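Rule-based calculations on the coordinates, nothing more; no lab input. All of these numbers come straight from a predicted model, not from anything done at the bench.
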């Protein structure tokens, strides 16, 4: 799914909206992989995208979380709790 979103980025009218979609997918997918295997990632992404479109502060938090998660394993991602918990709580 992530590759499909990346492929569609040039077709989206604005980088910030496309970036938020990727942030939400990364965040929700990682939470599902590392913390809660029963998470409805589709609903998480949908809620996260909507909140990011409505609230620039939320979008900035999602970006900070995504940057923190980049290249980290599930164990390493524990360092991102402060950046990611507010995003996940608001998206689930």
**Message:** Multiplying the sequence separation of residue 60 and residue 74 by 0.36 nm and subtracting their Cα-Cα distance, what value in nm do you get?
**Reply:** 2.8 nm
**Complete:** Taking only C-alpha positions in region 16-91, Rg and Dmax in angstrom work out to 11.0, 32
**Full-stretch length increase - residue 89, residue 32 - with 0.36 nm per residue and alpha-carbon distance subtracted** = 19.2 nm
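Relative contact order of region 16-91: what whole-number percent is it, with Cα pairs under 8 angstrom and at least 6 residues apart?
This gives 37 percent for region 16-91.
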